Structure formats: C-alpha cells, structure tokens
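The values are calculated or read from the model by the stated rules, or taken from the named source; none is laboratory data. Please read these numbers as outputs of a predicted model, since none were measured by experiment. Cβ sites come from the backbone with ideal geometry, for glycine too, and all protein chains shown count toward neighbours.
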C-alpha cells in the first residue's frame, strides 16, 4: 500500500509538513497585518482601586476624569465594562455594547468612585472581570487595571497566610484564564507601595503594558497610553494645533488637554465655522471634563482645521477612515538588547496598498522617544526601493534604559496623512555586578534576577569573552543556588590589555513566559587595579546627535475635591516632522491597483474566507508537490546528497568598512540612539553587530535537559560564529 500510496509514508508527511510550515512562515507578516486590519472590535474592561489609601495617592479623585476619557474615546460597537474594588468588588458599569446611552450611564456611574474601601482584593477584582472572556468572542480583549497597593484581604501584611494564598490564586488560577483567552492586561501602579513586581508580571504574562504614573495628576495621560494599546486608533498629525482632514475621513475626535486657567477650547473649520462647548448640532459631541476637552465631529469638512487652545504634546486627533496605517511588531513590554522587527503598511478599504504610484509618493517616518525625553526620527521609506508586498520593515535594536518608550509612526502623502502612537515599557529583570580581586587578578561577574518571578532553573546566561587580540570564547555561566545568582570567574588568559564581556540572557518567568535580554557590555583592563577601561563603550565610535524635546505640561488639579461614597456591600518633544509635499490628487490608478491585488467581497470589504482558502490552497499544493517528489525519488532509487552551503564571511574589507562608516555617520537616527548608553541600529546598517543574534524566534519551548547538554558543548568560537541563540544543534558545529 505504501508503494502505491506514498502519502501514507511518515517520512513524506514530515517533509510535507516542513514545506507547509515554510510557506506559512513566509506569509506571517502579511497575515498579521491583514488580521490587524480586520480586528476593529474591542472589548475594554476597566478595574479601579477604591481602597482607603487612595485618599492619599488620589486626593482629588482624578480617577473620575481618567475613566471618563476612556468612556468618551471608546468607539461605537465596542464592548466595555467597569469594576471597582476594595474589600468587595462591584460591577460599576455593566459589560455591554458601547453607544451614546452606555456612555451616559458610564459618566453618571463614574461619580460613585471613592476611597472608602477597607482592603485591596485585587485577585477577586480580576476574577470578576474575567466574566465572558473567550478566545472566540470576536473582540480584541483588554483590561486596564489601576491600583496603589498590594493584595490585602486580611491583617498581617503581605506575608499573612490569607494574603499569600490570594496572591497564589491570582497567579495560578485567575491569570491563566486571561492568558488562555488572549486578553492583554495593562497595569498602572499609582504609588511606590504598589506591588510593582506583581503588576509587571501580570502585564508581561499577558503582553500588556506596565505604567507607573508619578502622581494622580498623570492618571489621565497614563490611562490614555493604556487605552492606545487597548483600542488602537488612527490619527492625523497635529502640528501647532492645526491638522488636515482629507475626503476619506468620516469622523474625527480631537482630544485637547487644558492647563489651569488656560484659554477656552474652540474648533475652527476650513470654511471658518467655529465650534465650542456650547455649540448644539447633531454632528458634534463635545465632552468637557476637569482637565481636557474631547469633541467628536461626523462628516467633517475637508481641509485644514485649527484648534484654539493651549499647546500640549499629548493633544491628538483620531479619525475614522477607510485609509489606515497598520503597524505590527512593537510589543508592550520590551527587553534590553531584544530587537523590535516592525512592519508598517497602508490599508485602503480593507486591502493592503501595494501600488507603487501611491507608496512612492508617501513618506513613512518613525520617531522614538526614550524614557529621558530625548527623541530621534528616521525616514524608513525609499521611493527608489519599494517593497513588492507593500510592507515596510525596520529593525530597532539595543534599547537599554528601563522605562517608557514612545513610538510614533507617520505616513505623509500628497493628499493625506496618517499617524499611529504606541507606548512600550522596557523591563530589566536582571542586574549585573562585578567584583575585582586585585590580589588574585580574578574578575567575578554576577547576574541576579531582580524578581522572584524569574524561574532561575530554566533561565540561562551566556557570556562571550573577547580578548585583546580579538579572539573570543563562549561560556555558560553557572548558577549559584546559595547566592541565587549566575557567576563567572574571569582572568587575563591572553595577557594584559582590555577584555570585553558580552552577556546574553534567556529568561523564563514562573508563568512560562520566555524573553531575551542583552545587558550592557562590560570592559575591563588587566592587570586589575590599574586605570579602569571605559565601561559599555561601543565597538565603533559613532557621532552623537541629541534632539531636545519640549517638557510635558503638568496636568491641572481640579478646583474641588469630590465627595467619597461608602463602600458597596454587594459582593459581585520637539520631534522632527516630515515636510508636507505639495497637495495633489491621489492617483486613481493607485486606488484601482490596490483593490485589484486583494481578495474582496461584493461590498469591497476584506474577505477572511478568501484569505484562508489561499492558505489552504498553498498547504495542499505543498503536500502534492512533496508527494510527487518523494515518489519520483523512490522510483529512481538513487541517494540524495544535500550539499552543505558554504558560510559567507561577515567581515568587511577596508573600502566597504569606510563606506559603511560614512553611511552610518549620515544617519541622524542611529547617531542619536548611539549616544551614551543607548543605541538603535537599523536592519540596513551593515556595521551593526551581526554576530549577536537576539531574536526570540524558535525559543519558546524550553527543554531544561537539552539546555544542560548544550552548556557542556560550548567552547571557543570564532568572532563570526553565531552565538547566544541557545540552539543545541548549532553548538556542536565546527
């Protein structure tokens, strides 16, 4: 039977499966962006702490305007609900579809937020908010969680048995429900007394965003950051309080923050019509709160609009349009040394735009703002080299400083502009220290986890020692269970001079989440005890450019404190901006071409069935081709010898290196990111460290026995050899 029907052969099935997998992997970026274009329905659940400690951390009850901002920004057709918790948990606003009636009820219910709770029952709050979450409910599901304390269900502090048991229940029973349903939990720690380690793990385990407002005055702006992750919205650039609306925009929502005593907000249309909070018209919805104005206008005029208000870097204009900017690859939590592989594309009426006539006239710009407020911009599109699939790709590397990063992606065309803003938090779960024994001339490098939530048994640390002569050696650091740290004693084995130690960490949380981290490079001069070598200096000197950023204006304080209500007893920068090109009409051929190259239904909407039929057809095709190939080879009965490709050298000759250096020096974005301790290198930068692969791909399934075997096989490697991928098969290659 096997001779007549070779598709029953297990080896053929394996080969065919590999073929199908390769096809699917090649389609992943396109599939991800297509999925992002379809997933426009969001389910957002807000959980707010009303424990007694909030009287000190939020004395003016700014949780109310923060919640109102989310309520007003939620799009029609979304699903949302609000829970409050102290000792008990209440569904303050029932989970339901968002519309004008729901917003009216939510704004009224927000006035019940107080600080009258006696405990902090975080576990029960998350458990109640998990009602009706599911992987197949048709929504992108997110939670925004605010607290200022630790789990506290009984007296005795965090070590009390009941509090420990509640924390364990959260991690072992409640949190897995959210993970399995694909729900992202964005956590906000309002004070230093909050259990930041727990909140960070909740965000990390669910691909959420961890934020730490400095005080209650920052609550509204941080709720906005979490909401941007929960319900990504299209924006248009707002420059000097002016913005342009093109003919494809069906609705826009302008968010304008007000300063204490600032001017009254007004909106002026291209034709000169003036709107304010007192304007009564069917197409306008205006919400004025303690510290912001939010106005939504349907069927707006095309042209340049103006806002009369104080300038604020957080002001923005969201739009509803068929022409959207899709962005993938910027995770909410990032790690030191772990690159971001970003994919950017335009989508018109559900179809990926691939027409060169349109893409060639559009500038795609990426701006990154670091935790210390510095910003740098980079033009990532080239009209002379357009991607065939319409997807622009950029790799950002070597983020170092912990804290919040802001990413702004902008597409500036001749007749339109689009913008996306995303926040990400860089977590560093490990701390690196060094101890110099000058008498014995031994340097001991230690790596310790900063949180008990890191699984030290599965996590691994590799170090590459680079000698003064350029030779190197890869070593797996051993874990000292008594000191709870990975340690490596290092000596000057190749004589005096500067030695460099590059660390590569594969971390695993107690919940099974895998992440990668590459801490700062250590440089040491031997003999020890002499003048120290520069620490963390880059291998290649690079120019430094700093772009100043205007400081964010402080949020205003409300005029009066809102009255608290009793606890319910029912237990239920100055950033470089691309110069606009002269306005011309969008080429009709561009629109037609983008539609003809995509699968659509009769209503010109994306057809998910067509996409999946294409996938199935590709897999079936691979299976048939694999079967025929196997059968032919069996008929020939000839041995197949796979030729091993020769590895290409990664070294550069002098001329190439000089040319590459000149290119790098001309790139303001890389120059900015190379300053001090931080560096971002584009994927086209041929002087980037190709010898330090930092991809997480293929490293999610962990076998501690295989990992231990790999450690025994690590030895001296050439500088051009890949290292740090924790790939046991490659460890034995010569």
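Just the residues that are crowded, with 18+ Cβ neighbours inside 10 Å and assigned to a loop (DSSP other than H, G, I, E, B), please, taken from segment 429-454. Matches in segment 429-454: 429, 453.
If only residues of segment 269-292 that are surrounded by fewer than 17 Cβ atoms within 10 Å (Cβ to Cβ) and part of a strand (DSSP E or B) are counted, the one that is farthest from the chain's Cα centre (by Cα) is 274. When segment 73-123 is filtered for residues that are over 30 Å from residue 166 (Cβ atoms) and part of a loop (DSSP other than H, G, I, E, B), the ones remaining, listed by number, are 74, 75, 76, 77, 78, 98, 99. Summed over segment 232-243, residues that are in a strand (DSSP E or B) and buried (at least 21 other Cβ atoms within 10 Å of the Cβ) total 3.
With 147, 123, 154 as the choices, which residue is farther than 18 Å from residue 81 by Cα and either over 27 Å from the mean Cα position of the chain (by Cα) or crowded, with 17+ Cβ neighbours inside 10 Å (or both)?
Result: 154 is the single residue among 147, 123, 154 that is farther than 18 Å from residue 81 by Cα and either over 27 Å from the mean Cα position of the chain (by Cα) or crowded, with 17+ Cβ neighbours inside 10 Å (or both).
Within 27 Å of residue 74 (Cα to Cα), surrounded by fewer than 21 Cβ atoms within 10 Å (Cβ to Cβ) and not assigned by TED's automatic domain parsing to the domain that holds residue 509: is that true of residue 169 in this structure? Answer is no for this residue.
Could you please find all residues in segment 254-268 being more than 23 Å from residue 217 (Cβ to Cβ) and either touching a helix residue (DSSP H, G or I) at 6+ places or on another chain (Cβ under 8 Å) or surrounded by fewer than 20 Cβ atoms within 10 Å (Cβ to Cβ) (or both)?
Filtering segment 254-268 down to residues more than 23 Å from residue 217 (Cβ to Cβ) leaves 266-268.
Listed by number, the residues that qualify are 266, 268.
Please work out if residue 41 is at pLDDT 95 or above and surrounded by fewer than 24 Cβ atoms within 10 Å (Cβ to Cβ). No: the conditions fail for residue 41. Inspect segment 371-378 for any residue being surrounded by fewer than 22 Cβ atoms within 10 Å (Cβ to Cβ) and at pLDDT 95 or above and give the result as yes or no. No - not one qualifying residue is present in segment 371-378.
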